[in-house]
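A short write-up of the structure that comes next.
The values are calculated or read from the model by the stated rules, or taken from the named source; none is laboratory data. Treat the numbers as computed from the prediction; the structure is a model and nothing was measured. Positions of Cβ are backbone-derived with ideal geometry, glycine not excepted, and every protein chain shown enters the neighbour counts.
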Amino acid sequence: MPNLSLSIARIHSLAKLKQKKFRNLEQKVVVEGRRTLQQLADWGIVPEELYLAQGEPALPAKAIYDVTPEIMNRICDSESPPAIAGLYPLPEERSVSFRSAFYLDGISDPGNMGTIFRIAAAFGVDSVLLSTGCCELGSPKVIRASLGAVYKVPFRVCTPSELKALGATVITLDMAGSFALQDYKVPPSAYIMALGGEAHGLSSAIKTMADVSLRIDMPGEMESLNAAVCAGICAFQLCRK
């Protein structure tokens, strides 16, 4: 069966999804790049529509469309779009019981946010909890940086009071933390690794409820690390114990 073609009206509609307000209105997002789409397919997540340019090989999809590079440029978010993209529903919040979780407090950078989700998927972190000040998870930049992990790792927005009510051990990452990360032994019960945003760090509400504050000892001459790097070091150190 030959692939389908997009109408001018449909192209215009898809191009609007580059804007947050239209993504929220339609509850859809265009996800681009073979590696991300292949990872989603490996998890059994299939696009509603698949768009192919320049004879790009197909992946499983409910409908497949041939498009020109010019059309791909119109409907994709990146400056140099690849030859494959797909239409997906926005990632949805869901609650799960967890042994380990990240709490992201004001993470506003899409690259850091997506990378932290990718780290969570790689190291088996069960859930990601988000403050209300975090960036949009349906952003194409977040989805690309996560390699699709925002669809795999359960997440939900969580206020400080809701976080406290979970009853898990709250571990904060702070350059002035009381204990070295490499010396800390995770508790036998559920624990939450709290990371602050790039500009302001952890809020006072989260610092106050911390059960333990850990630091990453650095022998070199660098004041701090960004949130995603801290998340990777923390997950590697704690989640394998």
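Specify the residue that is nearest to ARG144 (Cα to Cα); the eligible residues are those in segment 54-80 that are hydroxyl-bearing (Ser, Thr, Tyr) and under 26 Å from the mean Cα position of the chain (by Cα).
From segment 54-80, those hydroxyl-bearing (Ser, Thr, Tyr) are 65, 68, 78, 80; that's our starting set.
Okay, now just the ones that are also under 26 Å from the mean Cα position of the chain (by Cα), so 78, 80.
Values: SER78: 10, SER80: 13 Å.
Result: SER78.
Could you look through segment 215-229, keep only residues that are outside any loop (DSSP other than H, G, I, E, B) and within 15 Å of ASP105 (Cβ to Cβ), and pick out the one that is modelled with the lowest pLDDT?
Out of the qualifying residues, it is ALA227.
Do we find that PRO140 is crowded, with 16+ Cβ neighbours inside 10 Å and either modelled with pLDDT of 95 or more or in contact with a Lys or Arg (Cβ under 7 Å, 6 or more places away or on another chain) (or both) in this structure? Spell out how you get there, then give the answer.
On the way: crowded, with 16+ Cβ neighbours inside 10 Å: yes; either modelled with pLDDT of 95 or more or in contact with a Lys or Arg (Cβ under 7 Å, 6 or more places away or on another chain) (or both): yes.
Judged against the criteria, PRO140 is a match.
Pick out the one residue from LYS152, LYS207 that is of a type outside the set (A, V, I, L, M) and either under 19 Å from the mean Cα position of the chain (by Cα) or modelled with pLDDT of 95 or more (or both).
From the options LYS152, LYS207, the qualifying one is LYS152.
Can we say PRO91 is touching a residue at least 40 places away in the same chain (Cβ under 8 Å), under 17 Å from ARG10 (Cβ atoms) and in contact with a Gly (Cβ under 9 Å, 6 or more places away or on another chain)?
no
Can you find a residue that is loosely packed, with under 12 Cβ neighbours inside 10 Å, farther than 19 Å from SER100 by Cα and modelled with pLDDT under 95 anywhere in segment 186-198? Don't jump to the end; show me each part of the working.
Residues of segment 186-198 loosely packed, with under 12 Cβ neighbours inside 10 Å: 188-189.
Narrowing further to those that are farther than 19 Å from SER100 by Cα: none.
So far as segment 186-198 goes, no, none of its residues is loosely packed, with under 12 Cβ neighbours inside 10 Å, farther than 19 Å from SER100 by Cα and modelled with pLDDT under 95.
If we keep just the residues of segment 230-241 that are in contact with a helix residue (DSSP H, G or I) (Cβ under 8 Å, 6 or more places away or on another chain) and modelled with pLDDT under 90, which is surrounded by the fewest Cβ atoms within 10 Å (Cβ to Cβ)?
Applying the first criterion (in contact with a helix residue (DSSP H, G or I) (Cβ under 8 Å, 6 or more places away or on another chain)) to segment 230-241 yields 231-240.
Subsequent filtering for residues that are modelled with pLDDT under 90 retains 239-240.
Working: CYS239: 19, ARG240: 9.
For segment 230-241, the residue satisfying everything is ARG240.
Take segment 68-85 and flag every residue that is of a type in the set (Gly, Ala, Ser), closer than 16 Å to VAL29 by Cα and either surrounded by fewer than 18 Cβ atoms within 10 Å (Cβ to Cβ) or in the same structural domain as PRO187 (by TED's automatic domain parsing) (or both).
Within segment 68-85, SER78 is the sole residue that qualifies.
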